[in-house]
Amino acid sequence: MKTYLLKREQNIPISLYQAWDFFSSPLNLAKITPNDMKFVVTSDYTADTKMYAGMIITYKISPLLGIKLDWMTEITHVDDKKYFVDEQRFGPYALWHHQHHFKAIDGGVHMTDLLHYAIPYGPIGRFANAVLVKGKVEGIFDYRTKAIEEMFGKL
C-alpha cells in the first residue's frame, strides 16, 4: 500500500494555552473545514468537551460530489499542550494518521501537522490520489491555514 505524507506548519499569534484549548475541542474542527465538505460532528459532545486518549469522534462529511460519508476517528495519543494524534477507524481512507504538534514560540505558537494517509484499491487508489485526492487534501489544509489566520491572525 502506497502511503502519502502531508506536512504543514503555521505560526499563530496566540498563547499555547489558547491554541490547545481551541484545537483540543472536537467541535472546533468544523470551524476550520471547508463549507463544501458539509462537515458535521455527530458525536454527542459539547463545546466544553476536550479530547482524551481513546476518545471516538464520529462525523458526516461530503468530500466529493456531495456524496455523504460516515467517518470515525480515535484520539490515540495526547500529551497536554504538546501534541495529539487522531487515527481513522472507519472512513474513506485505508490509512489516516494525523499528528498535531504545538510549541510555544516568541509571540505565539508554532503548529505542525503531519498527515500520513493511504488510499485503498492499489493502482486505482494511486491514480485517484494523483488526480483527485492529493489536491483535495491539500485544499482542505490550505483552507484550514486561512481560516486559522482569519480567526487568530498571522504571525
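The values are calculated or read from the model by the stated rules, or taken from the named source; none is laboratory data. The structure presented is a predicted model; accordingly, all values stated were derived computationally and were not measured. Cβ sites come from the backbone with ideal geometry, for glycine too, and all protein chains shown count toward neighbours. Side chains are part of the model used for accessible areas, which takes the heavy atoms of the whole protein and leaves out ligands, DNA and RNA. Shrake-Rupley method; radii C 1.70, N 1.55, O 1.52, S 1.80 Å.
Of note:
- Computed [θ] at 222 nm, deg cm²/dmol, the chain (DSSP H ≥ 4; -39,500 (n - 2.57); rounded to nearest 500): -6500 deg cm²/dmol
- Solvent-accessible heavy-atom area per residue, rounded to whole Å², over the stretch 1-146 at 1.4 Å: 55
- Relative contact order computed over the chain (Cα-Cα under 8 Å; 6+ residues apart), in percent: 29
- Pairwise FRET efficiency - ASP106 versus MET1, Cβ, R0 = 41 Å, nearest 0.05: 0.50
- When MET37, MET1 are compared by accessible surface with a 1.4 Å probe, the order from highest to lowest is MET1, MET37.
- Of LYS31/LYS81; LYS60/LYS154; LYS31/LYS82; LYS103/LYS146; LYS50/LYS103, those spanning more than 28 Å from alpha-carbon to alpha-carbon: LYS60/LYS154
- Net charge of neighbours whose Cβ lies under 10 Å from the Cβ of THR76, counting Lys and Arg as +1 and Asp and Glu as -1: -2
- Apolar share of the accessible surface for the stretch 1-97: 54 percent from carbon plus sulfur atoms, 1.4 Å probe.
- Option label - Kirkwood radius over Cα pairs in Å computed here, alternatives (1) 15.4; (2) 18.4; (3) 16.2: (3)
- Proximal charge balance of ILE61 [Cβ under 9 Å; K/R count +1, D/E count -1]: +2
- Net charge contributed by nearby residues that have their C-beta within less than 10 Å of LEU6 (K/R +1, D/E -1): +1
- Kirkwood hydrodynamic radius (C-alpha pairs) into Stokes-Einstein, the stretch 84-146, 20 °C and 1.002 mPa s, D in µm²/s: 161
- On Cα atoms only, tilt of 134-152 relative to the major axis of the chain in degrees: 20
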